[in-house]
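Chemist: Input: one structure, supplied below.
The values are calculated or read from the model by the stated rules, or taken from the named source; none is laboratory data. Predicted, not measured: the structure shown is a model, and the values here were computed from it. All Cβ positions, even for glycine, are placed from backbone atoms using ideal geometry, and neighbour counts span all protein chains on display. The accessibility values were calculated without ligands, DNA or RNA, using every heavy atom of the protein model including side chains. Shrake-Rupley method; radii C 1.70, N 1.55, O 1.52, S 1.80 Å.
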Amino acid sequence: MASESYNNSASNNSSLKERTVRGLFWGAMNSGLMQVLNAVFGMILARILDVEDYGLVGVIAIYSAIAQNLQESGFISALINRKDPTQRDFSSVFWFNITVGLCMYTLLWFLAPFIADYNHDDRLISLSRYAFISFVFGSFSIVPRAKLMKELKVKEQAIMSVAALLTSNIIGVIMAICGMKYWGIATQTIIYIGMVSILSWIFSRWRPSFTFSFKPIIEMFGFSCKLLVTYISSNLNRFAVEAIMGNFRSITKVMIGNYTNANKWNTMGNQTISGMIQSVAQPMFVQVGSDTGKLTQAFRKMLRFTSFVSFPLMFGFCMVAPEFIRCTVSEKWNDAVPLLQTLCIGGAFLPISTLYYSFIISRGKSGIYMWNVLSQSAIILLSLLLIQHYDPSLFGITGIHLITVIYSAINVLWVIVWHFFVWREIRLSYFHAIIDIMPFLLFSAATMAATYYLTLAIKSDIILLLARILLAAIIYVGILWLLRAKILRECIQYIKKKK
């Protein structure tokens, strides 16, 4: 009996490991392909549209994001954490989300004139009412997406995301070419969310029943409401510059447009890794269980993998930002370069934060997650308010550039705060976390510095861009290969196995 129990445990561990690795593989494929497609279509749109068009859509993004948080209400994570959820649980959440989504759209329809008045632009009345349709469509996909994530069906999520992205971007580009400008950007979001909703129903094969009970809503709400507050705070962080500085008369729509575009490219980079980690981390940690030794081993391995990928990608993006912007979206976006470079430094640490808070959520500690993000949001918002009357002559940089420096520094330092709460759960020391993170950080920084100086003589932007990407990849992989880095060899072995 003991032998049989041991064999079953070993089989379960092997199955979970295989599903986790497969999830990471498809998560990487999904995130990578998504960001490549976003980049390609982003280049096309950036050449067609004006900087002000991005600024106009950027100032309303925060309202749509918060409304989406309210209609989702943290129930995706709550359903993932819930053991053996029933059809009644799923159906109750489904009908609740749709009701909240419709109520939020109605409320924001009437608030549209106030949003336009706050940002001193009457065009925002009709634009915001149109753009907000997206989160009504999104309310239909919450439960199907939760089922796909809970079952670690990352391949299906990848297929539906790529299909939705292709369709929405093609329509957006056509509208931009036809002169509809910022309407095309808004339509992209609506089509994308609508397509994800339809495909999530197809892949999950889940259908709601006409039953509703407040009992599962109330049982999960203690957990999910903290996530709701957290998600809203995270979006305040993400869109704070566009939303708050849209009211500063010293900050023009062109400046906000440069920031919005720089932040878009930065987000594409760090979301390539964060999306991959987020697709498997929480459900994987939930399935590992409460064994501290196994949790510590799993967390440290994920931490090394995240650092192995995140630092070279984001530091490399920072290095090639000038020629990347000139080659892809033209020199009219040159003012976005220093903003992008600064954001990339902070963006290198965001996937690590994603891993940390995914672990915290998997342990059911949504309250810790909430207060941590709330504190971070408060500091960032306070920094924005203090910068309102900033004089550029003090440091020789614009107000928006200074706030990106502060924003990035806070994101870097907040990893220390996240680690404290992980230490409380599994007693993983700061020393061991630094051992896992620091080699990849230092090797990445050294690689980019060497690549930068070795390619200074190249004058052509396109040749310089390609040469730096290729040389940096060779140097980074070469260093890790010579040092016999285990994480690199495991990745190579898995790729060979897939072939």
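Chemist: Per residue, how many Å² of accessible area does segment 422-492 show with a 1.4 Å probe?
Modeler: Solvent-accessible surface per residue comes out at 61 Å².
Chemist: Here is a follow-up. Report the relative contact order of segment 298-366, percent, no decimals, based on alpha-carbon pairs under 8 angstrom and at least 6 residues apart.
Modeler: Rounded, it is 41 percent for segment 298-366.
Chemist: Another question, if that's okay. State the extension gain, in nm to one decimal, for the chain segment bounded by LYS294 and LEU413, taking 0.36 nm per residue of separation less the distance between their alpha-carbons.
Modeler: Stretched out fully, the LYS294 to LEU413 stretch lengthens by 40.1 nm.
Chemist: For a quick check of understanding: with a 1.4 angstrom probe and all protein chains in place, what accessible area in square angstrom does LEU303 have, to the nearest ten?
Modeler: 0 Å²
Chemist: Work out the FRET efficiency for THR99 and LEU456 from their Cβ-Cβ distance, taking R0 = 41 Å, and round it to the nearest 0.05.
Modeler: The formula returns an efficiency of 0.10 here.
Chemist: How large is the accessible surface of TYR357 in square angstrom, using a 1.4 angstrom probe and rounding to the nearest 10?
Modeler: Ignoring ligands and nucleic acids, TYR357 comes out at about 40 Å².
Chemist: Next question, about the same structure. Test of understanding: what is the full-extension gain from GLU151 to ARG424, defined as 0.36 nm times their sequence separation minus their Cα-Cα distance?
Modeler: My answer for the length gained is 95.5 nm.
Chemist: Here's a follow-up. Counting only the heavy atoms of the protein chains, how much of GLU219 is accessible to a 1.4 Å probe, in Å² to the nearest 10?
Modeler: Taking all protein chains as shown, GLU219 has close to 90 Å².
Chemist: Quick check: at a probe of 1.4 Å, how many percent of the accessible area of segment 414-499 sits on carbon and sulfur atoms? Could the numbers behind the result be given before it?
Modeler: Working: 4000 of 5450 Å².
C and S atoms contribute 73 percent here.
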